[in-house]
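S.K.: Pasting in a structure now, in structure tokens, and then I'll have a few things to ask.
What follows draws every value from the coordinates through simple rules; no lab data is involved. Everything quoted here is computed from the prediction, not taken from an experiment.
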Amino acid sequence: MRAKMVLLAALVGAIALTACGGGAPPETTVVMTDFAFEPKQITQPPGQRATIVLQNRGSTDHTFAIPDLRVASGNVAPGQTAKVEVAGPARVYKWLCTIPGHEEQGMVGELRVQRR
């Protein structure tokens, strides 16, 4: 009987965690082209971890970096996908492609961490 109660308590706890968002962080897709990000802006709540899925639809390597959060994808080849996780306190963070010349051609965007 005691084993059944422990198992029931564990099951209820697991269901509660799942219902409260104990699963994977939310994902947002950012498409990289020659020479832009789409979308150029993402908003998320403070303290929430999120995954950004990076799809390179351009014809050359691109990167995705948020220097103030120490986030960097490394090179993403044409046709490839990469993921980065982001989280931070409330403020606006600039992102950019770190390949020389790409930032100047418009490969910039921003992550807005704010209450919705």
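S.K.: Share of Cα-Cα pairs in the range 60-110 beyond 12 Å, in percent? Don't skip to the end; give the middle numbers.
M.R.: Values: 805 of 1275 pairs.
For the range 60-110, the fraction of Cα-Cα distances above 12 Å is 63 percent.
S.K.: If you wrap a convex hull around the C-alpha atoms of the range 25-113 and split its volume per residue, what is the figure in Å³? Provide the component values of the computation, followed by the final result.
M.R.: Working: hull volume 6.6 nm³, N = 89.
Dividing the Cα hull volume of the range 25-113 by its residues yields 74 Å³.
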